[in-house]
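Quick notes on the structure that follows.
The values are calculated or read from the model by the stated rules, or taken from the named source; none is laboratory data. These figures come from a predicted structure and were not determined experimentally. Cβ sites come from the backbone with ideal geometry, for glycine too, and all protein chains shown count toward neighbours.
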Amino acid sequence: MDAITSLLTLLKLQRGDTGVIARIDGHGPVKQRLAEMGFTKGATVGLAHTAPFGNPRTYLVRGYRISLRNEDADKVILESYAGVPGSGRDA
């Protein structure tokens, strides 16, 4: 599984994909809350589950399962990601 080096948001991950966090866009309480939950630069994060209507989604970060609204997940920018082998998204 090779990494693809294009920027994308956490919201774009498919189930089983993983990525490395580059930054959190925005400011104020939402950015602080995401950082306190472990969404910090350099952390590896993966999509574990998506709710039936697509919102919220559950991510694995630093050994924890954390559900985020799509609005918040779209603020987490990834520096790289690896797709699921055979899904057409892997490098």
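Apart from one condition, residue 59 fits all of (1) in contact (Cβ under 8 Å) with a residue 40 or more places away in the chain; (2) over 17 Å from residue 81 (Cα atoms); (3) among the aromatic types (Phe, Trp, Tyr); the exception is (2). Scanning the range 32-72 for residues that are under 17 Å from residue 14 (Cβ atoms) and aliphatic (A, V, I, L, M) turns up 45, 47, 48, 51, 60, 61, 68. Counting the residues of the range 37-53 that are within 24 Å of residue 80 (Cβ to Cβ) and surrounded by fewer than 11 Cβ atoms within 10 Å (Cβ to Cβ) gives 1.
Report, ordered by the first and then the second residue, all pairs with beta carbons closer than 9 Å, sequence separation of six or more or different chains, a first member in the range 69-91 that is under 15 Å from residue 43 (Cβ atoms) and among the hydroxyl-bearing types (Ser, Thr, Tyr), and a second member that is part of a strand (DSSP E or B) and modelled with pLDDT under 50. If the second residue must be part of a strand (DSSP E or B) and modelled with pLDDT under 50, the pairs left are 80/4; 81/4. Specify the residue that is modelled with the lowest pLDDT; the eligible residues are those in the range 62-91 that are surrounded by fewer than 18 Cβ atoms within 10 Å (Cβ to Cβ) and charged (D, E, K, R). Residue satisfying both the conditions and the ranking: 90. The residues of the range 15-36 that are among the acidic types (Asp, Glu) and closer than 15 Å to residue 80 by Cβ amount to a single one, 17.
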